[in-house]
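These notes concern the structure reproduced below.
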Amino acid sequence: MYNRILIANRGEIALRIIRTCKELGIETVAIFSEADRGAEYLRQADEAYCVGGVKSADSYLRIEQIISAAEIGNVEAIHPGFGFLSENAHFNEVCRDCNIDFIGPSPEAMLNLGDKNTAREMARAAKVPVVPGSDGLIETDADAIREAKEIGYPVLIKATAGGGGKGMRVAANELALKGAFQQATTEAQAAFGNAGVYLEKYVENPRHVEVQIIADKHGNVCHLWERDCSTQRRHQKLIEESPAPNLPKKVRQAICDAAVRMVKNANYYNAGTVEFIVDKDFNFYFIEVNARIQVEHPVSEMVTGIDLIKEQISVSCGEKLPFKQKDIVSTGSAIECRINAEDPEFDFRPCPGKIEHMFVPGGIGVRFDSHVHTGYTVSPYYDSMIGKLIVHRATREDAIDTAIRGLEEFNFKGIKTTIPFLLQVLRHKDFAEGAIDTKWVERNPLL
Ligand code: MV4
């Protein structure tokens, strides 16, 4: 096992990783920007180095500064967390060149899966269902029109370098397609430096179901069942849960099996998530692979009892997975609510500032993953997520009740949070019925 690792991240996930390292007897080196200097969570690390200014581009994204901290800190590995450099294949490769283990997949697997059209072709090769669509990238207007006629309208234009909803456009007919194709190409070039786009049949109001994977470097791949992340707004997830409500047992098994096939075929190791959309008839289609630990990983930890950060670290240093698929049992129901410093009454605008006072829930079945405290100042420079309330109970009904009870127990003074909005969703009959799809929030302008 490693003696010492560097955490190339900040806030909640940095603290989450430090906590597991402590339990494993691994020393930790943290990095911080000028905005995070002096933050309480950094005291939990054994060492901490400043890597630059308040902007992410001047600190958490500066590869040479992070590698310098890793050299000075004498670490054997870097955990990238999520966001920032976590899916940057170049950083991954630089780590390898510097003889530092990147706690994640190989740069090659990351590069292949990072290209959505390539990932889609890999899914096809692994007999994982993909949405009917174009064979490869679309080069011209005429290409687009011919393919769309075959697929049937409406079609969705996706940027191959996109993902997470970036660079997508719906076209309802041939006229709209011509304009949308040109726009999508231009936008993709500007945003990603890659103009490649492909077409898919547009699936109306799908659910978002994703499968948590953990794989070692010896070819062993296990899934930790699925999460439903349909409660989202403008591609920002708000609530995630496991198991997915109302998913027929056979479909659940088929999605999890498909995710394992996908990852095995890609020679992927470490933690990853295979994302699917599910239509109203429970047809499921591969969307993309997220080659990192995700924000919502705790719901899978709660239902399986597996510490995913621990397994990431141990497979990274070459250990075999300590369990077999049949040992991974999903028990009860877990729900995660993301608590953001945003004002839901004003279009979820970020609300940075000082937390003058805070009270945090606890009790049976309650976990709060967060780095904030009374007196903490939420910075305007980073993501507005300040913590995650995760509940785990025997049944989904009880989990909803505990989540509501927990959210009601919070008391934040000084900043606005998404808690009132989360409560409205959890109290809604559609949520109780497990009837939320990815367009639900946009169709229900609450508050
Ligand atoms: C789709 C789709 C409908 N049809 N593909 C958005 C994020 C990206 N990961 C894939 N996304 C979608 N792909 C086809 N062919 C609808 C979405 C989508 C979505 C997917 C998952 C979670 C939330 C979403 C919100 C809007 C649209």
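Values quoted throughout were computed directly from the atomic coordinates according to the rules given, and no laboratory measurement underlies them. What you see is a predicted model; the values in this text were computed from it and never measured. Neighbour counts are summed over all protein chains in view; Cβ atoms, including those assigned to glycine, are modelled from backbone coordinates with ideal geometry.
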Please report the Cα spread of the chain along all three principal axes, rounded to whole Å, starting with the longest. 60, 52, 45
Can you tell me what the convex hull of the Cα atoms of region 207-432 projects to on average, as an area in nm²? 12.8
In whole angstrom, the spacing between the Cα centers of region 89-144 and region 227-242 equals 24
For region 1-132, restrict the atom set to alpha-carbon positions and state the Rg and Dmax in Å. 16.3, 52
Just going by the charge dipole of region 305-447, with Lys and Arg at +1 and Asp and Glu at -1 on Cβ, which of VAL441, PHE346, ILE390 is farthest out on the positive end? ILE390
Region 246-299 versus region 414-443: alpha-carbon centroid distance in Å: 24
In Å, the Kirkwood estimate of hydrodynamic radius for region 342-420 over Cα pairs equals 13.4
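Which value, in debye to the nearest 20, describes the size of the charge dipole of the chain about its Cα centre when Lys and Arg Cβ atoms bear +1, Asp and Glu Cβ atoms bear -1, and nothing else is charged?
Details: 52 positive and 63 negative charges, 132 e Å.
The dipole magnitude comes to about 640 debye.
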Arranged from highest to lowest average of other beta-carbon atoms within 10 Å per residue, in what order do the peptides 253-259, 388-394, 328-334 appear? 388-394, 253-259, 328-334
Placing +1 on each Lys and Arg Cβ and -1 on each Asp and Glu Cβ in region 79-212, then taking the dipole about the Cα centre, the residue among TYR202, LEU85, ALA180 whose Cα reaches farthest towards the positive end is TYR202
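Show me the ranking of peptides 335-346, 420-431, 68-79, 352-363 by mean Cβ neighbours inside 10 Å, starting with the highest.
Details: 335-346: 21.8, 420-431: 16.5, 68-79: 19.7, 352-363: 14.0.
Answer by packing, highest mean first, reads 335-346, 68-79, 420-431, 352-363.
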